[in-house]
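Chemist: Dropping the structure in here first, questions after.
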Amino acid sequence: MTTKQKQEVVPALPVVETSIALRTPEVIAAEIRSIDDQARQYVLRSAIEIGNRLHEAKALVAHGEWAKWLSENVNYSQSSANNFMKVASEYANSQELASLSYSQALALLSVPAEEREKFVEENNASEMSSRELAAAIKEKKELERRVAEEQERVKAAEEQAAAAKAAREVVSKNLDEANAEKRAMDDRLAAMQAELEKAQKAGDNKEMAKLKTELRKAEKSKSEQETKVAELQRQLETAKAEAEREAAQRLQQREQELVEQAAKDKQSMQEQLDKLNQQLARSNNEQFLKAKIQIEQIVKDGDSLVKAIAAVKEQSEQDKLKAAAAKVVDQLRSLL
């Protein structure tokens, strides 16, 4: 048997079989999400580039010819072109929003620019579907509407309270003035009564008649003033009672509104918490799946490497390759 024949019958090294499960539904889902993320970023970057060029073209196209140019050259409606240009203007310099899809970026245009990045971060918007994002934006606007309504309510209540207080102060001032006038009338009646007694003692019938006439007029004025004082007192007490009643009603109504709103907020917060827990679980699972994919790839490459080494005919070359592969394995083990 020749040397060549002897070399040919040297048995190949046995292929190492691996038992790690490959291509599970979870792994496939993780791969799909990874590809989807890359595609979304590419689409958004492309939309920004299109928007930039549309801005450039619009500046060059003659006035009134824009819709015609779009139809003939790029087959976009003016609405679609406007969306591209808005996205380009709003997102060109925003690295934080780069992970959004085009539809997400478009939906977020309704959020003020200065609030957009914070909204995306707080709501993890890049992980939302278009429907979930629209619902979150709607919820944000609803909250802002409620805050604005509450501010208007407080303002109106303060204005109403201020007006009621001013009215009470007017009534109180009038009452003080009426009481002062009544006291002055009492003093005047007392003085007239003293003069009448003096005239009676002096037997001055003419003076007595005059004083009695004036006294009757003064007593009538006093009676009218007492009626006025009583009415002002009633008005003041009514105004105070009304203010207390309205304040109690507002407090009761506000308490009921807060109870109802608290129930709604609790439900909304629970829904958000459930969603965040789901996202967190998926995020944790995502890291596991990424590591698992890498392990599976190493196993695949390891199988290929073992087969490739086994196919080498020269024993010395095989030994060198085995030693190199073992060194790589040892280095990987040391890192773990």
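The values are calculated or read from the model by the stated rules, or taken from the named source; none is laboratory data. Note that the structure is a prediction, hence the values are computed from the model and not measured. Note that we place each Cβ from the backbone using ideal geometry, even for glycine, and neighbour counts take in every protein chain shown. All accessible areas refer to the heavy atoms of the entire protein, side chains included, with ligands and DNA or RNA removed. Shrake-Rupley method; radii C 1.70, N 1.55, O 1.52, S 1.80 Å.
Chemist: Within region 105-118, track down each residue that is assigned to a helix (DSSP H, G or I), in contact with a helix residue (DSSP H, G or I) (Cβ under 7 Å, 6 or more places away or on another chain) and free of Cβ contacts under 8 Å to residues at least 60 places away in the same chain.
Modeler: 106, 107, 108, 109, 110, 113, 116
Chemist: Part of a helix (DSSP H, G or I), among the β-branched types (Val, Ile, Thr) and open to solvent by 70 Å² or more (accessible area, probe 1.4 Å), is that true of residue 154? Break it down into steps so the answer makes sense when it comes.
Modeler: Details: part of a helix (DSSP H, G or I): yes; among the β-branched types (Val, Ile, Thr): yes; open to solvent by 70 Å² or more (accessible area, probe 1.4 Å): no.
In short, no.
Chemist: Given (1) open to solvent by less than 80 Å² (accessible area, probe 1.4 Å); (2) at pLDDT 75 or above, where does residue 298 come up short, assuming only one miss?
Modeler: (1)
Chemist: Test residue 213 against the criterion of being within 30 Å of residue 167 (Cα to Cα), loosely packed, with under 12 Cβ neighbours inside 10 Å and at pLDDT 85 or above, and give yes or no.
Modeler: no
Chemist: Answer yes or no as to whether residue 188 is of a type in the set (Lys, Arg), open to solvent by less than 50 Å² (accessible area, probe 1.4 Å) and in a helix (DSSP H, G or I). Steps first, please.
Modeler: Values: of a type in the set (Lys, Arg): yes; open to solvent by less than 50 Å² (accessible area, probe 1.4 Å): no; in a helix (DSSP H, G or I): yes.
It is false that residue 188 is of a type in the set (Lys, Arg), open to solvent by less than 50 Å² (accessible area, probe 1.4 Å) and in a helix (DSSP H, G or I).
Chemist: Being touching a Lys or Arg at 6+ places or on another chain (Cβ under 9 Å), charged (D, E, K, R) and either at pLDDT 85 or above or closer than 16 Å to residue 231 by Cβ (or both) is the filter here, so list the residues in region 170-206 that pass it.
Modeler: Answer for region 170-206, where residues must be touching a Lys or Arg at 6+ places or on another chain (Cβ under 9 Å), charged (D, E, K, R) and either at pLDDT 85 or above or closer than 16 Å to residue 231 by Cβ (or both): 181, 182, 186, 188.
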